[in-house]
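Novice: Below is the structure I would like to discuss, written out as structure tokens.
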Amino acid sequence: MNHDYEKLGAFYIGREYDLPARERRDAMVLVDSKDFTTHAVIIGMTGSGKTGLGIGLLEEAAIDHIPVIAIDPKGDLGNIALTFPNLRGEDFAPWVDAQQATAAGKSVAEFAAGMAARWEKGLSEWGQDGVRIQRLRDAAEVTLYTPGSTAGRPISLLKGFAAPPAAVRDDTETFAERIATTATGLLALLGIDADPISSREHVLLSNLFSHFWSNGQDLDLAALIGAIQSPPFSQIGVMPVDTVFPAKDRTALAMRLNNLLASPGFQAWMQGDALDAGRLLFTPAGKPRVSVLSIAHLNDAERMFFVTMLLADLIAWMRQQPGTGSLRALLYIDELFGYMPPVSNPPSKQLLLTLLKQARAFGLGVVLSTQNPVDLDYKGLSNTGLWFIGRLQTERDQARVMDGLAGASGDAPFDRGAMERTISSLGKRVFLMHSVHENEPAIFETRWAMSYLAGPMTREQIRRLDQGNQQPDNGAGAHAQINVAAAIVNDAVGEASATAHAPVIPPDIPQVWLPATVDESLVTWRPAVLGAADVSYSQAKLGVSEQRRAVWLAPIENGVLALDWDTAESVALDVNGLDHEPHVGRAYDDVPSVAANVRSYATWARTLKKFITTSDGITLFQSKELKLVSHVDEDEGAFRTRLQLAAREASDARIAQVRSKYATRLETAREKVRRTEQVIEDKESTASQAKFNTAITVGSALLGAFFGRKKISATTVNKIGTAARSAGRAQKTAGGVERATETHEAAVQALADLESRIEEELALHADAYDALVDDLETVTVRPKSTDVHVQVVALAWVPWIAGPDGRLLRDRLPT
């Protein structure tokens, strides 16, 4: 099978299905990835094939380099990690059900071999193979998270109480929403159903979050417990805190939180990666992720708490992204039951409604799946652009879905009776797709999943899957500079002698003491040289105009070259905030004689300026293929992420131009086919059934090929040609319609030729760009000598502490 549709941003979800004949057709059903920015809902009873369709969508997103956050309440979505390109029995063996093998009278190895053969055959029937599975594995990293458990990769909720980014804090509405949902989610975890207006618990927590977050201060549970007991403010509104919420009652609330924090089961919530939507969507290197968040092991309160915190963080991430019309990322919820009910208002509901209303502008698609169609807020889903309806269990379920579809159809015609009859006839793996982007619904059978669908994963299977992948993803390198100052001093000073007091230094030599993180009576102070300069970087062609304070810390050596800025390290220190008065300490190392000479500092200031102009600079990444340059302070991973989206946007724009170019001509050609067919039917009514079948064949090919804005398959022209020949045979049996038949055949052929030209033009724009393999170049913008202004060169005292074995260890410098 030709896989060019992947290069055009189309998701292959199945093939057309002839419902009356109960048979699968050859025509592929492709959905433009952009359509998912209008969001989607999947509804089907147990056994309808809903999970297979969902995993298929996740596979298509991943293979198209689109990251996914998938919330998995049932434990099925972890199957997306079970991809075996070689399709060998030994790959399947660890994941097959031993009981099923026994029931089949086979060993596990035999059963696994049979399953591998079945998967290979199934994939082949749907035009897929191990090569496509390998492409899926290469395109995205699959990570299985288990919040509140160490079976998979755990997630720490400590960051859930970190101050939101400045962009969120500066948006009054967004900030208030983040505060309210965090307070509601935390109280739900305690079993408190809190109203944001009348609940004093909610009001207190909201005021605490607002107080700390407004100042950019983070909170963890321990700090929150202390703040509940002793709030950092005296009034709530215009009333005293003790009047609104007496101290005794606040202590009781603090005790409930403390008991939660102290419970053994809650410790797993404090381990692992920080809750960070950006990290869930992309690796530090910029590779897309499919992050499956398995919450099947949690109770209802814990699920609601986690989902609420996750959605709030995702919204905060979303609002920091630039707008786009292309699909940037997907949020998938495998079972919506309880999170968006029609009547009650759990904390997750408002967040989901916010996403459904606002996420499209940021390219974030939301896919909601459920087997409980009665427990849905269909008003909230009224703007959903894609509906996938599978087999339903009861007439009540069907009635509720019909109401939802009618609302989603807006002003478009909606034949409720025909829709009900169609849905009643659906079988396993057969779905109706209702799309606001199409003129009529489509019936399709879901394609074979590339992932092995082993069923809900056990904790042991999750643990096995995640073996060797338990290291927290904290963004290596993000805080690498915090210890370099002490490290370089250690290298230079070695076993220096020490005194109990600060050495006497000439008063003209400025001195600074770097902050210590421990009791200073335990600190040994070691000397280094600190240099700070204000530097301007400018390069109009690259869009760089930046002013920075550069701070360097260099070791001092006793030798001919006492100080070499090439051995210095850049440090994140506020020079203006450093102390200039001597600090207490366990000991002070001696100062090399050259560092006690005031003239040395003037020399070092000159060499610092030269060092900055020759060695310092802003390094940017450059993609020659896309002709883009990274922003200042944009790391390589973030730049590659932006490149992938830029390539997708460019591809979408080119395809939109082709659609616009041919839209009128295609509609004219299609209308001509309809008119000539009607002429034949008018002339010979006995042949009408044959003509009707022909019209369906031609129309279906058109729907799947262009009006769904998808790449036409290689066999489309042949299929349309077959339809035309079928039409000709049917018409000739009627007699006396030779001229009408010739006109009809010419119209069908003209339509086929037009579609062929469209296909060829689309193929010219197919682009398989992969940002991860783009060979980026680097360009460095260096300052001119006149752009470097040295502010200070001083003797710096760096704190060291004694380790367990008595040897000195470097202290941590605050960032």
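The values are calculated or read from the model by the stated rules, or taken from the named source; none is laboratory data. On a predicted model such as this, the values are computed, not experimentally measured, just so you know. Backbone-built Cβ (ideal geometry, glycine too); neighbour counts: all protein chains shown. Quick note on the areas: whole protein, heavy atoms, side chains included, nothing else; ligands and nucleic acids left out. Shrake-Rupley method; radii C 1.70, N 1.55, O 1.52, S 1.80 Å.
Novice: Setting aside same-chain residues fewer than 8 positions from Lys627, which aspartates and glutamates have a Cα under 13 Å from its Cα?
Specialist: Here the aspartates and glutamates satisfying the reach criterion relative to Lys627 are Asp774, Asp775, Glu777.
Novice: Could you list, in their original order, any pairs among Lys357/Lys672; Lys74/Lys121; Lys34/Lys624 whose Cα atoms are separated by more than 31 Å?
Specialist: Among Lys357/Lys672; Lys74/Lys121; Lys34/Lys624, the Cα-Cα distance tops 31 Å for Lys357/Lys672.
Novice: Straight-line reach from Lys379: which aspartates and glutamates have a Cα under 19 Å away, not including same-chain ones fewer than 8 places off?
Specialist: Glu335, Asp397, Asp403, Asp411
Novice: Something else about it: List the residues, sorted by chain then number, that are 5 or more residues from Val792 or on another chain and whose placed amide H is less than 5 Å from its amide H.
Specialist: Ala532
Novice: Here's a follow-up. Can you give the helix-only mean residue ellipticity at 222 nm for the chain, where every DSSP H stretch with n ≥ 4 adds -39500 (n - 2.57) and the sum goes over all residues, rounded to the nearest 500 deg cm²/dmol?
Specialist: -13000 deg cm²/dmol
Novice: Decide, for the chain, between rounded, prolate and oblate: order the square roots of the alpha carbon gyration tensor eigenvalues as a ≥ b ≥ c, take rounded if a/c falls under 1.5, and otherwise choose prolate if a/b is larger than b/c, else oblate.
Specialist: prolate
Novice: Amide H to amide H, which residues 5 or more places from Tyr17 or on other chains are under 5 Å from it, using H placed in the peptide plane?
Specialist: Arg25, Ile443, Phe444, Glu445
Novice: Multiply the residue gap between His789 and Arg88 by 0.36 nm, knock off their C-alpha separation, and tell me the result in nm, one decimal place.
Specialist: 245.8 nm
Novice: Another question, if that's okay. Leaving ligands, DNA and RNA out of it, report the carbon-plus-sulfur percent of the accessible area of the chain at a 1.4 Å probe.
Specialist: Here carbon and sulfur together make up 50 percent of the probe-accessible area.
Novice: For region 598-676 and region 171-250, what is the centre-to-centre distance using only Cα atoms, to the nearest Å?
Specialist: 42
Novice: What is the set of long-range amide H partners of Glu141 at a cut-off below 5 Å, with H atoms built 1.01 Å from backbone N?
Specialist: When sequence neighbours closer than 5 places are left aside, the close amide H contacts are Arg289, Val290.
Novice: Sticking with this structure for a sec: To the nearest 10 square angstrom, what accessible area does Ser206 show with a 1.4 Å probe?
Specialist: Counting only protein heavy atoms, the figure is 20 Å².
Novice: Then there is this: Expected output is a single nm value to one decimal: the length gained when fully extending between Gln267 and Glu460, i.e. 0.36 nm times separation in residues minus the C-alpha distance. What is it?
Specialist: Gain on stretching Gln267 to Glu460: 67.5 nm.
Novice: When ligands, DNA and RNA are left out and all protein chains stay put, how many square angstrom of accessible area per residue does the chain have with a 1.4 Å probe?
Specialist: 44
Novice: Further, regarding this structure: Using a Förster radius of 60 Å, what is the FRET efficiency between Thr778 and Thr668 based on their Cβ-Cβ separation? Nearest 0.05, please.
Specialist: 0.70
Novice: Let me ask something else. Each residue of region 56-62 in turn: what ³J(HN,Hα) in whole Hz from Karplus with 6.51, -1.76, 1.60 and θ = phi - 60°, glycine and Pro shown as x?
Specialist: x, 5, 5, 4, 5, 4, 4
Novice: Moving on to the next point. What is the distance, in nm, between label points placed 7 Å from the Cα along the Cα-to-Cβ direction at Arg22 and at Phe337?
Specialist: Here the answer is 2.9 nm between the modelled labels.
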